[in-house]
Amino acid sequence: MSETITTYEDLLNMLDSLLREPTGFWNGFYEDRSKGVPFFENFPDENLVSYFDGGLIGPGKVLELGCGPGRNAIYLAQKGCSVDAVDLSKEALEWGKEQAGDKNVQVNFIQRNIFDLVDIAKGQYDFVYDSGCFHHIAPHRRMNYLEMVKKALRPKGLYSITCFVEGGILGGADISDWEVYRQRSLNGGLGFTEEKLRMIFKEFEVVEIRKMRKMEQSDETFGVQGLWTALFMK
């Protein structure tokens, strides 16, 4: 990276360099599949299931951002969707491919940083899903993130996230955007309030914002306390 900032991209790269490089961390995180992480179970998010059960979403072209081992991507494929699932972790995607094979479904897994998805065609997707990626996005990258989602979605397309509740039981760092750079850390993931989510996604129409429902393993859906779920329309 050049020490002289002459472009917006230089500025973004400089701010990126203040924070932890994510690829090594996430490869290490997914390396041990036996550790007791709740979302390591191959179950879809309860809110995602509710969207299909309630008729809000049907089969279509889907982009999942930060798909991890693919549990939601696999569910979407099972529901008849054509799925592009992106993650920067090679370990996570190898696991996802194995699980998709076990379920006999086709998912297009893509190993890439989501900010390198420069080949997305405008209006290419009916639905964009993000389960747990957004709260790991640094504040200076939010504008890029929002522009990418808006570009990817067709008119009236749907976008959904799950993310940390501010100060919730899962963490959800209660720090300002400025404090991220003072501390040079996202403190494990940023937390949000409903007001913050409405402000950040003000260019979208709110369909639903609520807390994730706690689910039992026997339900074969993922649901824990401490997360927001939100569904928006472009």
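According to the Cα-based calculation, Rg over Rh for the chain is 0.94, with Rh computed by the Kirkwood formula. In the elastic network of the chain, a GNM with C-alpha springs shorter than 10 Å, the most mobile of S131, S185, S89 is S185.
Projecting the Cα atoms of V206, S82, L146 onto the dipole axis of the chain, where Lys and Arg carry +1 and Asp and Glu carry -1 at the beta carbon, places V206 farthest toward the positive end. Only helices enter this figure: runs of n ≥ 4 DSSP H residues, each worth -39500 (n - 2.57), summed and divided by the residues of the chain, yield -9000 deg cm²/dmol at 222 nm to the nearest 500.
How high is the relative contact order of the chain? Use alpha-carbon pairs under 8 Å, at least six apart in sequence, and give a whole percent.
18 percent
Tell me the GluC sites (Glu not before Pro) within region 185-234 that lie in a loop according to DSSP and have at most 15 other beta-carbon atoms within 10 Å. Numbers along the way, then the final one.
Details: sites: E194, E195, E203, E205, E208, E216, E220; in loops: E203, E216, E220.
Passing sites in region 185-234 are E203, E216, E220.
Per-residue accessible area (protein heavy atoms, 1.4 Å probe) orders K234, K202, K214 as K202, K214, K234, starting from the largest.
Name the shape class, rounded, prolate or oblate, that the alpha-carbon gyration tensor gives for region 73-172, where a ≥ b ≥ c are the square roots of its eigenvalues, rounded holds for a/c under 1.5, and otherwise prolate holds if a/b is larger than b/c and oblate otherwise. Walk me through the numbers on the way to the answer.
Details: a/c = 1.58, a/b = 1.17, b/c = 1.35.
Oblate shape, in that a/c is at least 1.5 and b/c is the bigger or equal ratio.
Between F43, F192, F25, which gets the highest mean-square fluctuation from a Gaussian network model of the chain, Cα cutoff 10 Å? Sorting by GNM fluctuation, first place goes to F25. The alpha-carbon positions of region 50-117 define a convex hull whose volume is 75 Å³ per residue.
For region 73-182, with all protein chains in place and a probe radius of 1.4 Å, 48% of the accessible heavy-atom surface sits on carbon or sulfur. Pairwise Cα separations in region 1-98 fall into 10 Å bins from 0 onward with the following percentages, short to long: 14, 35, 25, 20, 6, 0.
What are the GluC sites (Glu not before Pro) within region 34-128 that DSSP puts in a loop, where the Cβ has at most 16 other Cβ atoms within 10 Å?
Those that pass, being in a loop and sparsely packed, are E41.
When the chain is treated as a GNM with alpha-carbon contacts under 10 Å, the residue of K90, K61, K156 showing the greatest mean-square fluctuation is K156.
The values are calculated or read from the model by the stated rules, or taken from the named source; none is laboratory data. These numbers were taken from a predicted model, which means no experiment stands behind them. Here the Cβ is made from the backbone with ideal geometry for all residues, glycine too, and neighbour counts use every protein chain on show. Please note that ligands, DNA and RNA were not included when accessible areas were found on the heavy atoms of the full protein model with its side chains. Shrake-Rupley method; radii C 1.70, N 1.55, O 1.52, S 1.80 Å.
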